[in-house]
Structures are given as structure tokens and as C-alpha cells.
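Data first, discussion second: the structure below is written as C-alpha cells.
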Amino acid sequence: MPITLTPEQEAWIQAHVAAGDFASIEEAARQLIDDRIAELAAVDDDDMAWAKPLVDEARADIARGDVITIDEHRARNVARRAALRK
């Protein structure tokens, strides 16, 4: 599949081939495209992956019964605010 690069893109790739970063222009193009595809796939697949450990921890807390009611939570906050005012 033929593609057309801008003069800036071509110059950048040629400079990196000359510096030894890539063996050829074709290798550079393939590697850069592969890298971008991998980045996009990671964003699509892992959008909320950071939250999984937190959700798993919360589920484990619930399973152990390590929870408080909303009324207990509110009472704690009232006590904390009162302590800050002193």
C-alpha cells in the first residue's frame, strides 16, 4: 500500500534511519505505525483498568463485613468537623 509522507515526516524518518534508530525507512514506518496501534489499543482496552484493584479491594471489604452504614459515616464526619473547629 503506497502512502505519502509530508516533507517533515520524511525528513524525520530519514534522520532517524541515518542515526541508526531504524534499519530502513520501511522498518521505521512499520515500527511507528505498530507503536501507535498498540497505544490506541491500550487506551481502548485499559480505560478503567486502573480502577480494578480498588473495586476488588472494596468487594473484599464487603465480603468480610468491613463496612459502615451511611449513618455511621455521617456521624464520623460530624465528629471530624467538630474536632477541626476546636
Which of the residues belonging to segment 33-86 are open to solvent by 80 Å² or more (accessible area, probe 1.4 Å), farther than 30 Å from LEU5 by Cα, in a helix (DSSP H, G or I) and of a type in the set (D, E, K, R)?
-> LYS52, GLU57, ARG59, ARG64, ASP71, GLU72, ARG74, ARG76, ARG80, ARG81, ARG85
Segment 19-32, residues that are among the acidic types (Asp, Glu) and either over 19 Å from ILE3 (Cβ atoms) or within 17 Å of the chain's Cα centre (by Cα) (or both) | ASP21
Which of (1) modelled with pLDDT under 95; (2) part of a helix (DSSP H, G or I); (3) open to solvent by 100 Å² or more (accessible area, probe 1.4 Å); (4) not acidic (Asp, Glu) is the odd one out, the single condition THR4 does not satisfy?
-> (2)
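For segment 7-29, which positions are surrounded by 12 or more Cβ atoms within 10 Å (Cβ to Cβ), part of a helix (DSSP H, G or I) and acidic (Asp, Glu)?
Initially, segment 7-29 is screened for residues surrounded by 12 or more Cβ atoms within 10 Å (Cβ to Cβ), giving 9-10, 12-14, 16-17, 21-22, 25, 27-29.
Going one step further and asking which of them are part of a helix (DSSP H, G or I), we end up with 9-10, 12-14, 16-17, 25, 27-29.
Scanning segment 7-29 gives GLU10, GLU27.
The values are calculated or read from the model by the stated rules, or taken from the named source; none is laboratory data. None of these values were measured; they are calculated from a predicted model. When we count neighbours, we look across all protein chains shown, and the Cβ atoms used for this are built from the backbone with ideal geometry, even at glycine. Surface areas here come from the heavy atoms of the whole protein model, side chains and all, with no ligands, DNA or RNA. Shrake-Rupley method; radii C 1.70, N 1.55, O 1.52, S 1.80 Å.
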